[in-house]
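Working notes for the structure below.
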Amino acid sequence: MFKNFGLDEVTLTDHDFASRRQLVKKYIAEFDLNRLLHTFKLNAGLPSDAEPLGGWESPESGLRGHFAGHYLSACAKFAYGDQDQALRRKACEIVDIMEACAKPNGYLSAFEEEKLDILEAEEDRKVWAPYYTLHKILQGLVDCHLYLHSPKALVLARNLAYYVKRRMDKLSHWKKDGILRCTKVNPANEFGGMGDTLYTLYEATGDRQILALANQFDRPYLLHPLETGADVLENLHANTHLPMVLAAMHRYNISGEDKYQAAAIHFYEYLQGRTLANGNNSSKATDYIPGGVSERSEHWGAYGDLGDALTGGESESCCAHNTERILERLLEWSGSVEYLDHLESLKYNAILNSASRSTGLSQYHQPLGSGVSKTFSGPYDTFWCCTASGVEAMSELQKNIWFRSGEALLLNAFISSTLDWKEKNLQIIQESRFPDGLLSTLQIKAAGPAAFKLILKEQAVAAVTINSVPQVLQRENGYCAIERVFADQDLIEIEIAAALHQVPLPGAEHLAAVKYGNVLLARVGQAQQASFVPLFRVEEEEYTVYLDVEGHEGRDRPFSRAQDGSAAYAD
């Protein structure tokens, strides 16, 4: 029902969002491509004397190459959104090098093909998510085609898809089921968003072989129970299955098969019972493996029972980015205001909050307990999955503020930004200091009269004036609206309604977070001098999100950091 504007139609002009986006853009622009693609060249037998990257991109890492895919997607989105020719050239240079690294059979990666042989033989052991990494590379190439119209990227993407199809075609039904069944905790066979990206590639090419391949990544063990309304999320690895739901939604949009829509809608219902106050999800599994990732992070527990979820490893940043995409697609199906509220909460409290104020780089986990602190990626020695997804998230940070539906314009968040509504030949300049102030002004710039309906969330608005004249608002289904002919220099003033309120932790109601409107607050400082600030502005300070509202501070568990996933997924 409501769709995002293009990345080239919205410009951030605030301090909090725009500054972090700019930091990552600078990081992308200055990144040495020789280091980025060092392991691709080595795998292709090409010479490279570049200094290797560290962390999950080191030459020994099973996940090497994943960051290059996200980087290419980010490069393409920054180049498109900002019309940045230098980044366009950089993206094209990456594609040129990848073309040189691609094998005649279409295989393109930073790790050897034998990893896929091992996956097929062992199913979920002695590898670390090879199809996850191939997905990131494939998505980067597809994004280069979508945003920069690169024919070479499209050819490489298609050839890689054919390579995967030839491998899959050789496997029996049960072998495919084995390598794509990710039901164990700490899964080593996670395959990312292969299905979703292949559906996008099908839409770009019309190639039904690619459509058939995409279908193979829609796994019945997850989707069939969800179709019928069964909650099967407990003990699953969260960011393995969020992309599966995205693929199911994509399949419904292509084929109209109702069962895939039903699966996604039921999934969101069950996800809400595992959602924290920042709008994100993931923590410990119910049946965890001691010492493994599942003991503290990355998984889903029981519905409505988050009492032991504040482990220090809760709220994986990758999950926030994929949950945001699911909500965007739900909003295209239905205009339910709850999706918009969830999107706004995620945007402030898990997307923006994932990024450092000083570097723009991402957290892996986003702790929400008592006496916790943040840890961010380093520029060249970390490269967690969330480092990579975080870089891409900053390249599209301007989305989910403004939406459109026919002649209607929806404002979802009071974030200073400029909308270039090309179809209407007008600009709208929003200036807002929220959450530091409760006024947002919209200035219309138009060549002539422009008729449209401006839609706002009812609970977020106290009053609206146009050119100082109070407006009577149409109210329906959680929205309020003004429909009229707008003129150049019209000034719309929105008095924002925001109140402090508690958000109890499901399963432990003595713990509650505090929100101001949809902005999550953190308590910072000693108890006698404690102040509350937006969580996304905390950087180095120790802080607390979920407070013991019954005053029994002794029940707060001491904070310790959760290790990153590499310890559990090492080859």
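The values are calculated or read from the model by the stated rules, or taken from the named source; none is laboratory data. Note that the structure is predicted; figures quoted are calculated from it, not measured. Here Cβ is always computed from backbone atoms with ideal geometry, including for glycine, and neighbour counts include all displayed protein chains.
Quick one: how many residues across the stretch 322-374 are in a helix (DSSP H, G or I) and either more than 22 Å from Met394 (Cα to Cα) or among the aliphatic types (A, V, I, L, M) (or both)?
14
For every residue, the table says whether it meets (1) of a type in the set (Ser, Thr, Tyr); (2) within 30 Å of Asp564 (Cβ to Cβ); (3) not assigned by TED's automatic domain parsing to the domain that holds Ala79.
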| residue | (1), (2), (3) |
| --- | --- |
| Trp384 | no, yes, no |
| Gly390 | no, yes, no |
| Ser395 | yes, yes, no |
| Leu410 | no, no, yes |
| Ile415 | no, no, yes |
| Thr418 | yes, no, yes |
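Which of the following residues is in a loop (DSSP other than H, G, I, E, B) and not acidic (Asp, Glu): Leu138, Leu63?
Being in a loop (DSSP other than H, G, I, E, B) and not acidic (Asp, Glu) holds for just one of Leu138, Leu63, which is Leu63.
Filter the stretch 484-509 down to residues that are more than 17 Å from Ser432 (Cα to Cα), in contact with a Pro (Cβ under 8 Å, 6 or more places away or on another chain) and aliphatic (A, V, I, L, M), then give me how many there are.
Selection size over the stretch 484-509: 2.
Being without any contact (Cβ under 8 Å) to a residue 60 or more places away in the chain, closer than 20 Å to Leu331 by Cα and in a loop (DSSP other than H, G, I, E, B) is the filter here, so list the residues in the stretch 399-440 that pass it.
Listed by number, the residues that qualify are Gly406, Glu407.
One residue is enough: does the stretch 198-209 have a residue meeting the conditions under 26 Å from Gly140 (Cβ atoms) and among the small types (Gly, Ala, Ser)?
The answer is yes, given that some residue of the stretch 198-209 is under 26 Å from Gly140 (Cβ atoms) and among the small types (Gly, Ala, Ser).
In the stretch 73-116, which residues are basic (Lys, Arg) and touching a helix residue (DSSP H, G or I) at 6+ places or on another chain (Cβ under 6 Å)?
Hits for the stretch 73-116 are Lys77, Arg88, Lys90, Lys115.
Please identify the pairs in which a residue from the stretch 107-120 that is free of Cβ contacts under 8 Å to residues at least 12 places away in the same chain has its Cβ atom under 6 Å from the Cβ atom of a residue that is crowded, with 17+ Cβ neighbours inside 10 Å, counting only partners at least 6 apart or on another chain.
Glu113/Tyr107; Ile118/Val127
With the requirement that a residue be farther than 15 Å from Thr387 by Cβ and surrounded by fewer than 19 Cβ atoms within 10 Å (Cβ to Cβ), what does the stretch 44-81 give you?
If the condition is that a residue be farther than 15 Å from Thr387 by Cβ and surrounded by fewer than 19 Cβ atoms within 10 Å (Cβ to Cβ), then Gly45, Leu46, Pro47, Ser48, Asp49, Ala50, Glu51, Pro52, Pro59, Glu60 are the ones that fit.
Could you check how many residues of the stretch 423-447 are buried (at least 20 other Cβ atoms within 10 Å of the Cβ) and among the hydroxyl-bearing types (Ser, Thr, Tyr)?
Residues that pass the stated criteria total 2.
When the residues of the stretch 254-286 are filtered to those that are touching a helix residue (DSSP H, G or I) at 6+ places or on another chain (Cβ under 7 Å) and outside any helix (DSSP H, G or I), which remaining residue is nearest to Gly301 (Cα to Cα)?
The extreme case among them is Ala285.
Could you please tell me which pairs satisfy a Cβ distance under 9 Å, a separation of 6+ or placement on different chains, a first residue in the stretch 290-305 that is assigned by TED's automatic domain parsing to the domain that holds Tyr270, and a second residue that is in a loop (DSSP other than H, G, I, E, B) and buried (at least 20 other Cβ atoms within 10 Å of the Cβ)?
Close Cβ pairs (under 9 Å, with a partner that is in a loop (DSSP other than H, G, I, E, B) and buried (at least 20 other Cβ atoms within 10 Å of the Cβ)) do not exist here.
Show the residue pairs that are 6+ apart or on different chains and have beta-carbon atoms under 8 Å apart, the first residue being within the stretch 448-476 and modelled with pLDDT of 95 or more and surrounded by 12 or more Cβ atoms within 10 Å (Cβ to Cβ), the second being hydroxyl-bearing (Ser, Thr, Tyr) and not in a loop (DSSP other than H, G, I, E, B).
Ile455/Tyr479; Leu456/Tyr479; Lys457/Tyr479; Glu458/Tyr479; Gln471/Thr465
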